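Notes follow once the structure below has been shown.
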2 protein chains.
Amino acid sequence: MNTESMVHLVGAGPGDPDLLTVKALRLLQNADVVVYDRLVSDAILDLIPPGVSRIAVGKAPGRHSLPQDRINELLVSLSRAGRTVVRLKGGDPYIFGRGGEEAQHLAQHRIAFDMVPGITAASACSAYAGIPLTYRGLSSGVRFVTGHCRADRPLDLDWRGLADADTTLVVYMGLANIDQVRSKLIDAGLNPTTPAAAVENGTTGRQRRCLTTLDRLPDEVQKAGFQSPVMVVIGRVVALAETLDWFEPQLRAPAATAGGRQLGHG
Amino acid sequence: MNTESMVHLVGAGPGDPDLLTVKALRLLQNADVVVYDRLVSDAILDLIPPGVSRIAVGKAPGRHSLPQDRINELLVSLSRAGRTVVRLKGGDPYIFGRGGEEAQHLAQHRIAFDMVPGITAASACSAYAGIPLTYRGLSSGVRFVTGHCRADRPLDLDWRGLADADTTLVVYMGLANIDQVRSKLIDAGLNPTTPAAAVENGTTGRQRRCLTTLDRLPDEVQKAGFQSPVMVVIGRVVALAETLDWFEPQLRAPAATAGGRQLGHG
């Protein structure tokens, strides 16, 4: 047994490989084996050198994937076999990533690990969609929840606390239960005309934004045919998104002008 | 005028240069001028090549710094002079970083810009302090507020909404008003024995954690002599921090053993 083997729990960020951390990139290039989720983008997997083993462990929506306890066991057995393991997860492992469960399993089995945070989807999508999560006079804080819950169960959230006009609300996996999020927030007192956005495929070349209001959000998202992954942002800051847009104009710009000015401004 | 000039609004992350994004590092290496806040660490400033201009614009606590409107004007004038500008901010510019105000000023003046998110302090400190921000059965979401407010004014926050046992609460600039945060949360119904942590100089070689409960947090932090920057985390997930600690044992490990096993585990 190689006593130097170790498990690196690594956040891959939202998809754009430019948003990997320097440490994540270095660990990928020096791993023996990379254990990754389906949310990790192909562009990031392409950075893994040939010869490094890759193990896909899930999790596509609606498809079976390796259960969490099997993933935990896999990490332990790879480490005990002396392999340097990168456990690569989309976003940040400690924000809706179940990284804590894997870290706890490793700690209980006395496997050395470290944790490399990644750019979480809320940071990434806000930057690429032109939505500051906090802004003086518009939002004094931000809150992250997930729209996902166990099948056939209602979302069990503190709706009254969430219906706070001074806080930006970010809903991960925002397409799931979007009707319920809308109606519960309005019932709890949030103004139906509160600005709201959905961001599909955030930070990728296929990013689309839907900018609307809370009451119209489910209809507009359906009309636009949005598919997962979708991040939902609700709050006054969303009103800035038209002005602060920079990424989608870059995507739409023909290569010729993109080389000149790079952006549609000016 | 060089029409290709552009302002890159860039998050530097929490301090550890390993947590810069790949894009941030590349932009720093290709900038004409870097305009940076005092929260950006020396280790990151050391990555700026010689010959690149550096302009420090603030903001040390209690010291005067360039007012926001002067910073905005500086970015415009540098860009109009044809310089490629990196505006470097600690953490993530869109989370308590006033990045939105700078982006809006640039957009209004038709200056091309893009936005590079950084690892926000909540992600960074949770990873390096062993505290998952969400965890099944312990925390279904996370909320970020700032403990900072204008001098001599009470913190104006929705304490009842914040006193939610199912949500992890992260307080940026957590040393300011820590007594008030404690008493308001307890008055609003949060259990005084809720686990709470303060993390000083998170992710740096000088990181220290204080693990306690909400009711004892101000006293313990004072007893330990914590100084800014301090991140406060309140919620059931803090109870995992002893088990999931990996970074501070690395710091304490003598170089010899650090080269062997790298961690205190096993």
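Here are the numbers for the structure shown:
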read-out: Residue list for the range A:54-79, filter: among the small types (Gly, Ala, Ser) and modelled with pLDDT of 90 or more; value: A:56, A:77, A:79
read-out: Pairs where the first residue, in the range A:82-105, is part of a helix (DSSP H, G or I) and the second is of a type in the set (Lys, Arg), C-beta under 9 Å, 6+ apart; value: A:99/A:87; A:99/A:89; A:100/B:136; A:101/B:136; A:102/A:87; A:102/A:89
read-out: Members of the range A:147-185 that are part of a loop (DSSP other than H, G, I, E, B), among the polar types (S, T, N, Q) and either farther than 18 Å from residue A:220 by Cα or at pLDDT below 90 (or both); value: none
read-out: Given (1) surrounded by 15 or more Cβ atoms within 10 Å (Cβ to Cβ); (2) more than 10 Å from every other protein chain (Cβ to nearest Cβ); (3) farther than 22 Å from residue A:128 by Cα; (4) not basic (Lys, Arg), index of the condition residue B:49 fails; value: (1)
read-out: Candidate set: the range B:226-239, residues that are outside any strand (DSSP E or B) and in contact with a strand residue (DSSP E or B) (Cβ under 7 Å, 6 or more places away or on another chain); chosen: the one nearest to residue B:163 (Cα to Cα); value: B:235
read-out: Any pair with Cβ under 7 angstrom, 6 or more apart, that starts in the range B:37-59 at a residue that is assigned to a loop (DSSP other than H, G, I, E, B) and ends at one that is acidic (Asp, Glu); value: B:52/B:32; B:57/B:37; B:58/B:37; B:59/B:37
read-out: Exclusive hit being assigned to a strand (DSSP E or B), away from every other protein chain (no Cβ under 14 Å) and at pLDDT 95 or above, set A:34, A:10; value: A:34
read-out: Close pairs (7 angstrom Cβ cut-off, 6 or more residues apart or separate chains): on the phi > 0 side of the Ramachandran plot in the range A:233-261, at pLDDT 90 or above and of a type in the set (Gly, Ala, Ser) anywhere; value: A:235/A:139
read-out: Qualifying residues in the range A:154-210 (those that are within 14 Å of another protein chain (Cβ to nearest Cβ) and on the phi > 0 side of the Ramachandran plot) - the one surrounded by the fewest Cβ atoms within 10 Å (Cβ to Cβ); value: A:189
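Here is a yes/no grid of residues against (1) under 21 Å from residue A:131 (Cα atoms); (2) crowded, with 19+ Cβ neighbours inside 10 Å; (3) away from chain A (no Cβ under 12 Å); (4) not β-branched (Val, Ile, Thr):
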| position | (1), (2), (3), (4) |
| --- | --- |
| B:74 | no, no, yes, yes |
| B:82 | no, no, yes, yes |
| B:86 | yes, yes, yes, no |
| B:94 | yes, yes, no, yes |
| B:97 | yes, yes, no, yes |
| B:110 | yes, no, no, yes |
| B:113 | yes, yes, no, yes |
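The values are calculated or read from the model by the stated rules, or taken from the named source; none is laboratory data. Computed from a predicted model, the values in this text were never measured in an experiment. Note that we place each Cβ from the backbone using ideal geometry, even for glycine, and neighbour counts take in every protein chain shown.
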